[in-house]
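Worksheet for the structure shown next.
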Amino acid sequence: MRRMAGFTLIEVVVALALAAGSIGALLTVFDDAAFRTDRAVLSRLALLQAQSALDAAASGPMTPGWRVDGASAGLIWEAQVSEDGDSTPPLRRLIAAVWLLGPDGAIGEPLVRLQTLRLARGDANAGR
């Protein structure tokens, strides 16, 4: 009896299973890369928002208290100005934090939290 040339059904099924496994692995890699890219863009945007919040808090009256801004690009930020000890000249601590905004408000820990110290300009200009 003469054997016919070609592939058996088992060989075809094994080849298709290997191809499906390879495609699945590649899709997982691409999905993870897209997630990491989105997260990096969001972190960069949050850093820019925090820097902007610090600048806004420092440029206006540096009176102790909180400032909160609404959502922009799915983020919410708040800035705090507080007294830092009884030093002369007086120091103000500025803190800015940015959170991811969900349907019920801020989600979890802040994405970015920045802080700095600034000199206040004395009692005559305490509001600046």
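Taking the numbered list (1) out of contact with any Leu (no Cβ under 6 Å at 6 or more places or on another chain); (2) modelled with pLDDT under 95; (3) of a type outside the set (Ser, Thr, Tyr) in turn, residue 18 passes all entries but (2).
Given the residues 63, 37, 28, which is the only one that is out of contact with any strand residue (DSSP E or B) (no Cβ under 6 Å at 6 or more places or on another chain), modelled with pLDDT under 90 and not hydrophobic (A, V, I, L, M, F, W, C)?
After ruling out the rest, the residue left standing is 63.
Any residue at all in the range 66-78 that's surrounded by 12 or more Cβ atoms within 10 Å (Cβ to Cβ), basic (Lys, Arg) and on the phi < 0 side of the Ramachandran plot? Checked the range 66-78: at least one residue is surrounded by 12 or more Cβ atoms within 10 Å (Cβ to Cβ), basic (Lys, Arg) and on the phi < 0 side of the Ramachandran plot.
Given (1) modelled with pLDDT of 95 or more; (2) assigned to a strand (DSSP E or B), where does residue 68 come up short, assuming only one miss? Residue 68 satisfies all of (1) modelled with pLDDT of 95 or more; (2) assigned to a strand (DSSP E or B) except (1). If you filter the range 81-128 down to residues that are of a type in the set (Lys, Arg) and assigned to a loop (DSSP other than H, G, I, E, B), you find that the one that is modelled with the lowest pLDDT is 128.
The values are calculated or read from the model by the stated rules, or taken from the named source; none is laboratory data. None of these values were measured; they are calculated from a predicted model. Note that each Cβ is placed from the backbone with ideal geometry, even for glycine, and that neighbours are counted across all protein chains shown.
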